[in-house]
Amino acid sequence: MSEIITSYWEAFAKEQGLDLACPDAWAFGYGAEMADRLGALVVDGVKTASCAAHCVHEIEGERIPEVGEYNIVLDGKNEPLVIIRYTEVELVKMNEVSQDFARSEGEGDLSYEYWYEAHVRFFTSELEQFGLTFTPDLLLVCQRFEVVHAR
């Protein structure tokens, strides 16, 4: 983890009186453009949720976030944008995601249709990298979060 990320976390933790190790730091999506675009939606308060394919968590050995846990969201240059705290984490089949959750992801025209079509494309591409095929009942890790600090 870079010194800028560690320093950002340590300053926040000291200010908040937290005795916690630096949490995971990551950028949304794939590539700098997507990281910047989606990160800006978080900074602007439009994006308050995200989801990931549960099977990818398993394949990559990545644990599922827990309510109350902090993470650092990075921009396209892998520099910190915000610190978030998870407020809700649940496993939901993609074709059972609510309109409210889809809207809280903050993308496109905020409609369920936009969300669904964009996520079909994203998960189809992501799963192909692992030799898997997208299906509408793909199990997702749906996460709601709040921004607790912005740079």
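Laid out as a table, the results:
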{"quantity": "Out of GLU128, GLU96, sole residue that is loosely packed, with under 13 Cβ neighbours inside 10 Å, over 26 Å from ALA32 (Cβ atoms) and of a type outside the set (Val, Ile, Thr)", "calculated": "GLU96"}
{"quantity": "Pairs where the first residue, in the range 130-151, is among the polar types (S, T, N, Q) and the second is buried (at least 16 other Cβ atoms within 10 Å of the Cβ), C-beta under 6 Å, 6+ apart", "calculated": "GLN143/SER50; GLN143/PRO65; GLN143/TYR86; GLN143/VAL89"}
{"quantity": "Scope the range 132-149; condition loosely packed, with under 14 Cβ neighbours inside 10 Å and not in a loop (DSSP other than H, G, I, E, B); matching residues", "calculated": "GLU146, VAL148"}
{"quantity": "Matching strands (runs of 3 or more DSSP E) fully within the range 17-120 where at least 2 residues are among the charged types (D, E, K, R), over 25 Å from GLU3 (Cβ atoms) and over 12 Å from the mean Cα position of the chain (by Cα)", "calculated": "80-93"}
{"quantity": "Hits in the range 99-123 (condition: open to solvent by 20 Å² or more (accessible area, probe 1.4 Å) and either acidic (Asp, Glu) or touching a His at 6+ places or on another chain (Cβ under 8 Å) (or both))", "calculated": "ASP100, GLU107, ASP109, GLU113, GLU117"}
{"quantity": "Any pair with Cβ under 6 angstrom, 6 or more apart, that starts in the range 91-111 at a residue that is of a type in the set (Ser, Thr, Tyr) and ends at one that is open to solvent by 30 Å² or more (accessible area, probe 1.4 Å) and not in a helix (DSSP H, G or I)", "calculated": "SER104/THR48"}
{"quantity": "Single residue of ALA53, ALA49 found to be within 30 Å of GLU128 (Cβ to Cβ) and touching a strand residue (DSSP E or B) at 6+ places or on another chain (Cβ under 6 Å)", "calculated": "ALA49"}
{"quantity": "Some residue of the range 19-29 being of a type in the set (D, E, K, R), modelled with pLDDT of 95 or more and out of contact with any strand residue (DSSP E or B) (no Cβ under 6 Å at 6 or more places or on another chain)", "calculated": "no"}
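The values are calculated or read from the model by the stated rules, or taken from the named source; none is laboratory data. Keep in mind it's a predicted model, so treat the numbers as computed, not measured. Please note: Cβ atoms are built from the backbone with ideal geometry, for glycine as well, and neighbour counts cover all protein chains shown. Accessible surface is based on the protein model in full, side chains and every heavy atom, while ligands, DNA and RNA are left aside. Shrake-Rupley method; radii C 1.70, N 1.55, O 1.52, S 1.80 Å.
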